[in-house]
1. With springs only between Cα atoms under 10 Å, which of L30, L135, L76 fluctuates most in a Gaussian network model of the chain?
2. With everything on Cα atoms, drop me the angle between helix 3-19 and the longest principal axis of the chain, reported from 0 to 90° to the nearest 10.
3. Name the residue, out of N132, N173, N110, whose mean-square fluctuation peaks in a Gaussian network model built on the chain with Cα pairs under 10 Å.
4. Return one number: the angle in degrees, 0 to 90 and rounded to the nearest 10, between the long axis of the Cα atoms of helix 181-194 and the longest principal axis of the Cα atoms of the chain.
5. In degrees from 0 to 90, rounded to the nearest 10, what is the angle of the helix 165-175 Cα long axis to the longest principal axis of the chain?
6. About its Cα centre, what dipole magnitude does the chain give when the only charges are +1 on Lys and Arg Cβ and -1 on Asp and Glu Cβ, stated in debye to the nearest 20?
7. How high is the relative contact order of the chain, in percent, with contacts defined as C-alpha pairs under 8 Å that are six or more residues apart?
8. Using +1 at the C-beta of Lys and Arg and -1 at the C-beta of Asp and Glu, which of T186, Y39, L27 has the Cα lying farthest in the positive direction of the dipole of the chain?
Amino acid sequence: MNLNERLDKFLNLLEKIKKNLPKNPPLKQLQQSYTKNPYTTLMVTLLSLRTKDERTAKVAAKLFKKITTPQQLLQLSQEELEEIIRPLGFYKQKARTLREVSKVLVEKFNSQVPNTKEELLSIKGVGEKTANVVLNSSFNQEVIAVDVHVHRLVNMWKIVDTKTPLQTSHLLNQLIPSPHKKELNTILVAFGQTICTPKKPKCLECPIENECKSLRSL
Ligand code: SF4
């Protein structure tokens with residue numbers, strides 16, 4: 001099977017997964033836990049790093065009742081912010097990052113979240129995945145954000161052969177045609193959280209068992 005055939009199979013598989021996703025995966029709970037704008041999306045993405053979406057959703061709902069702009073966040077002290085986001089792992093470091101990123105937005109970007117990859121990556125604390133989530137969901141750009149689920153699944157199906165999510169991100173964004181980039185993260189993250197989970201994949205109830213076998217065996 002050549003790469004184009006493999007990609008075709010993969011894109012069909014994505015459509016099939018999309019049609020068969022559970023109604024309320026953790027990712028959806030997170031997306032519905034706060035009012036979206038570029039700033040809240042950026043902050044939530046930073047909060048969600050290395051933390052389960054269910055837990056981040058509760059903290060996001062609480063935080064964005066109090067603040068919705070970088071200026072408002074900076075009015076909270078480090079300790080006050082830590083107290084709000086305390087249920088999350090690495091909450092002290094995350095509180096520092098949220099404050100530092102908000103400060104840069106106020107000082108360098110007129111309190112707005114920039115809409116280019118280059119500018120986003122120039123902000124200390126903002127990495128490839130965070131930048132791509134913001135560009136995709138806040139600025140409607142056709143770009144794939146690669147997290148651990150996306151990285152794991154596309155390697156399992158041999159769409160890429162990479163060691164890190166960053167390598168996967170670069171390669172996948174080159175390989176996947178634009179119209180399919182927008183939803184790829186949402187589909188695969190929800191699938192990885194609910195059906196093809198890392199420790200106990202539910203192969204017996206998987207809607208793409210045959211397609212999975214075929215891609216893995218070739
Ligand atoms: S068949 Fe199993 S391993 Fe393959 S995608 Fe489905 S759950 Fe994952």
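1. Greatest mean-square fluctuation among the candidates belongs to L76.
2. Roughly 70 degrees between the two axes.
3. Among N132, N173, N110, the largest GNM mean-square fluctuation belongs to N110.
4. Once rounded, one gets 80 degrees.
5. Helix 165-175 sits at roughly 60 degrees to that axis.
6. 580 debye
7. 23 percent
8. L27
Read the figures in this text as sums done on the coordinates, not as results from a lab. Just so it is clear, the structure is predicted and the values come from calculations on it, not from any experiment. With ideal geometry, Cβ positions are generated from the backbone for all residues, glycine too; neighbour counts draw on all protein chains shown.
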